[in-house]
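Undergrad: Just dropping this structure here.
The values are calculated or read from the model by the stated rules, or taken from the named source; none is laboratory data. Predicted, not measured: the structure shown is a model, and the values here were computed from it. Methodologically, a virtual Cβ is constructed for each residue, glycine included, from the backbone with ideal geometry; neighbour enumeration extends over all protein chains shown. Surface accessibility is based on the protein's heavy atoms, side chains included, excluding ligands, DNA and RNA. Shrake-Rupley method; radii C 1.70, N 1.55, O 1.52, S 1.80 Å.
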Amino acid sequence: MNFDFADLIYDIVADCSDNVPTRYLVNDACVLSGKPLVSASALRMEGQLTVYNYCGGPCYRCLYPVPPPPETVTNCSDGGVLGVVPGIMGCFQALEVLKIASGQGSSCGQQLVMFDALDTRFRSIKLRPKQAGCAVCGENPSVSQLMDYEAFCGSAATDKCRKLNLLSKDQRITVQDYKSIMDNAEPHLLLDVRPPVEVDICHLPFSLNIPLSSLEERKSEHMQLLQERISQLKQQMEGDCRPPVYVICKLGNLSQKAVQVVEKMSGSEVDRITVKDISGGLMAWAKRIDPTFPQY
Ligand SMILES: [Zn+2]
């Protein structure tokens, strides 16, 4: 990537992006040009704020030398955010920019401020110091110019929702397939793995809500519920076929993870079932099947 740092006429940079490649890109540009980076983020009911590359403090790479696996990253369009939270974090971010610009300085150079909107509480934790072995701000940096950050992170530099592809074709059905399953009243279990707050906004009839996090943690009350519903389904069905479980979420990413989690469950929990993801989730349902279905 060609970039002339002489063109960087800014004194302070504020990162308001919501994806990992851009965070690395902005961090490296700030380190290479010696500018402080006021960084804020928000997800669901939480926000974070820190100033990187400032007064001898760490840079983003000092804290995160290796990008996380793309499928483990949740951004706002995927995980949701209460709109006020980025507003609050944005105001604090602007405050730190103004403090640095006016010479009063920021106290966030080596600390992370965390905002919990649920408890209406701010907490601060001290960050690890600048790392001598950091690839960009360390003693022998291997990064001396900007690079291909999408390749480095294995994901696109976009804040739009990523479409994961974790499952094979035969582990997925389309919303049209599911519509005909519904219309034909074929026995099945519809598992909605979104957080309850989203299920309260809208859901398909007869769905069982078990959030992905509860599946991952094998929460006993939820496991029992799932087992009961599968047992009922087995009783409804004749013959020796494997009862189908279809997993749905908002966009079809969490549901793919949930299919993998359910498939890994031990025999007694979910014995002899077929589990598939509904591709594109409820937003695909709203787009292709039922335009009156709420979109959020
Ligand atoms: Zn660093």
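Undergrad: Do any helices (runs of 4 or more DSSP H) lying entirely in the range 195-296 carry at least 1 residues that are touching a Cys at 6+ places or on another chain (Cβ under 9 Å), and which ones are they?
TA: Fully inside the range 195-296 and qualifying: 196-201, 212-216, 254-264, 281-288.
Undergrad: Ser142: among the polar types (S, T, N, Q) and surrounded by 11 or more Cβ atoms within 10 Å (Cβ to Cβ), yes or no?
TA: In short, no.
Undergrad: Ser279: surrounded by 15 or more Cβ atoms within 10 Å (Cβ to Cβ), touching a residue at least 12 places away in the same chain (Cβ under 8 Å) and under 21 Å from the mean Cα position of the chain (by Cα), yes or no?
TA: For Ser279, the condition - surrounded by 15 or more Cβ atoms within 10 Å (Cβ to Cβ), touching a residue at least 12 places away in the same chain (Cβ under 8 Å) and under 21 Å from the mean Cα position of the chain (by Cα) - is met.
Undergrad: Still on this structure, please answer the following. Please give the number of the condition Tyr24 fails out of (1) more than 16 Å from the ligand (Cβ to nearest atom); (2) aromatic (Phe, Trp, Tyr); (3) open to solvent by less than 30 Å² (accessible area, probe 1.4 Å).
TA: It fails just one condition, (1).
Undergrad: When you go through Phe115, Phe122 one by one, which is the residue that is out of contact with any Leu (no Cβ under 9 Å at 6 or more places or on another chain), in the same structural domain as Pro36 (by TED's automatic domain parsing), surrounded by 13 or more Cβ atoms within 10 Å (Cβ to Cβ) and assigned to a strand (DSSP E or B)?
TA: Going through Phe115, Phe122 in turn, the sole match is Phe122.
Undergrad: Under 9 Å between Cβ atoms, at least 6 apart or on separate chains: pull out the pairs that start in the range 93-105 with a residue that is in the same structural domain as Leu49 (by TED's automatic domain parsing) and end on any residue that is part of a helix (DSSP H, G or I) and basic (Lys, Arg).
TA: Hits for this filter: Gly105/Lys99.
Results for (1) among the small types (Gly, Ala, Ser); (2) in a loop (DSSP other than H, G, I, E, B), shown as yes or no for each residue.
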residue: Gly133; (1), (2): yes, yes
residue: Asn140; (1), (2): no, yes
residue: Met147; (1), (2): no, yes
residue: Phe152; (1), (2): no, no
residue: Lys179; (1), (2): no, no
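Undergrad: Under the condition of being closer than 29 Å to Ile289 by Cα and charged (D, E, K, R), which residue from the range 203-243 is most open to solvent (accessible area, probe 1.4 Å)?
TA: Looking at residues that are closer than 29 Å to Ile289 by Cα and charged (D, E, K, R), I get Arg242.
Undergrad: Are there any pairs with C-beta distances below 9 angstrom linking a residue in the range 20-49 that is assigned to a strand (DSSP E or B) to a residue that is small (Gly, Ala, Ser) and within 14 Å of the ligand (Cβ to nearest atom), with the two at least 6 apart or on different chains, and if so which?
TA: Here the result reads Leu37/Ala29; Gln48/Ser39; Leu49/Ser39, each pair linking the range 20-49 to a residue that is small (Gly, Ala, Ser) and within 14 Å of the ligand (Cβ to nearest atom).
Undergrad: Working only within the range 111-157, note down all residues that are within 12 Å of the ligand (Cβ to nearest atom) and under 29 Å from Ile88 (Cα atoms).
TA: Once the filter is applied, which keeps residues that are within 12 Å of the ligand (Cβ to nearest atom) and under 29 Å from Ile88 (Cα atoms), the range 111-157 yields Leu127, Arg128, Pro129, Lys130.
Undergrad: Output the number of the condition that Lys169 fails; it satisfies all remaining conditions of (1) open to solvent by 50 Å² or more (accessible area, probe 1.4 Å); (2) in contact (Cβ under 8 Å) with a residue 40 or more places away in the chain.
TA: (2) is the only condition that Lys169 fails.
Undergrad: Across the range 94-111, what is the total count of residues that are touching a helix residue (DSSP H, G or I) at 6+ places or on another chain (Cβ under 9 Å) and surrounded by 13 or more Cβ atoms within 10 Å (Cβ to Cβ)?
TA: The total comes to 4.
Undergrad: Separate question: Just to verify a result, which residue in the range 43-94, among those that are among the charged types (D, E, K, R) and on the phi < 0 side of the Ramachandran plot, is farthest from the ligand (Cβ to nearest atom)?
TA: Asp78
Undergrad: In addition: Within the range 173-202, work out how many residues are open to solvent by 50 Å² or more (accessible area, probe 1.4 Å) and either of a type in the set (Lys, Arg) or at pLDDT below 90 (or both).
TA: 2
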